[in-house]
């Protein structure tokens, strides 16, 4: 699935199995076309965008893994025609369908938790409440793109199953090996945990949807199911009433009272703030230009150029932490994990326990199957940061350490009571105009805090 996989998180300690350069590649293609991963059909995506960098990605993976390898990223739904142009007949597509209600519920749950704990990009997370119907539009855009591709893709190149079928015992490795004639290690322990997925959907989800959106999503879902080679006996969700406590409701109303709705700032106000920020920035332009070139080359998989520019930056400024990290990442993407670890170890020896360097070294240790060493590194570090705490807990949970759960609960309590968490929650709520969505977000935040 790639050499440099997305690191685990406390909410998903087993990892996402998403290749970091692949995710960056898709994010760049979306950015170049004026949108983000929250694409909801607001622009027209070109089926010819990024073909050159996609070809580089395929060449890189071929050089590392031979003819058979895989890739996973939800954004890929939006670029299947592009990938199909590059891969041609060798492309084989395993599609796992998830009901729209479960997808949107998961998206809202994750975003509300990040807001309540003061994590991530508040504006991006809050958009799911501030823009009525936004979550549904995202699902529609992704799945209409997927449906259009399935209708054109030759049947021998696609295998479609439902998530419910997988959770009810469908053995994917055997199925994929037989259908696509791909040699797989069928004795590999599956990362799928059926207990984490269920068919219950909270009725509060209806507050985010219009009747037209529900009808449209149901129509898309039915058409998607027509392609499924394997599905469960019952694919429809079970709608259930919310299970929050009276304490959650009381706290939610307190949060609402303290966070009245305010309209978004005008363009001139926003522009003024940006100008101040830019005015405070002073960087050596020669180093900044080289660093920008290195970053562009890295993200477009021109790895030799990226390494050359990065080394030039380090010659001019040996203390540039970002360049040490980039150099290590270049090696990771190239499959040279030992070299990447060596770069980070040398940088830490030279610059000290910089949190970003420690984070990436722990990530490399985990990628190399040394999760226990990653935990030990972060436990022994004198440097502290929110990033290091969060990833230390994720590695503890992944490694099955008995005190991992206790560490996570203590960390979540501290985050819930932090000023940053309160400020981000209030900032998100003040931009939500729809009264039902205001209550929904406040209740979700209160549930996280009381938990």
* Would you confirm whether any residue within the stretch 30-50 is in a helix (DSSP H, G or I), closer than 30 Å to residue 444 by Cβ and assigned by TED's automatic domain parsing to the domain that holds residue 174? => yes
* To do: Filter the stretch 141-164 for residues that are within 19 Å of the chain's Cα centre (by Cα) and either free of Cβ contacts under 8 Å to residues at least 24 places away in the same chain or surrounded by fewer than 20 Cβ atoms within 10 Å (Cβ to Cβ) (or both) and give the result.
  => 141
* For residue 319, all conditions in the list (1) out of contact with any strand residue (DSSP E or B) (no Cβ under 8 Å at 6 or more places or on another chain); (2) in a helix (DSSP H, G or I); (3) farther than 25 Å from residue 56 by Cα hold save one; what is the number of the exception? -> (2)
* Structure fact -> The residue from 175, 97, 87 that alone is more than 23 Å from the chain's Cα centre (by Cα) and buried (at least 17 other Cβ atoms within 10 Å of the Cβ) is 175
* Exactly one condition in (1) within 25 Å of the chain's Cα centre (by Cα); (2) crowded, with 22+ Cβ neighbours inside 10 Å is not met by residue 343; state its number. => (1)
* To do: Kindly indicate the residue of the stretch 198-227 that is touching a residue at least 40 places away in the same chain (Cβ under 8 Å), under 26 Å from the mean Cα position of the chain (by Cα) and assigned to a loop (DSSP other than H, G, I, E, B) and also farthest from residue 138 (Cα to Cα) among those meeting that condition.
  => 199
* Asked: So how many residues does the stretch 113-127 have that are in a loop (DSSP other than H, G, I, E, B) and buried (at least 18 other Cβ atoms within 10 Å of the Cβ)?
  -> 3
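The values are calculated or read from the model by the stated rules, or taken from the named source; none is laboratory data. This structure is a prediction, so every number in the text was calculated from the model and none was measured. Glycine also receives a Cβ, built like all others from the backbone with ideal geometry; neighbour counts cover every protein chain displayed.
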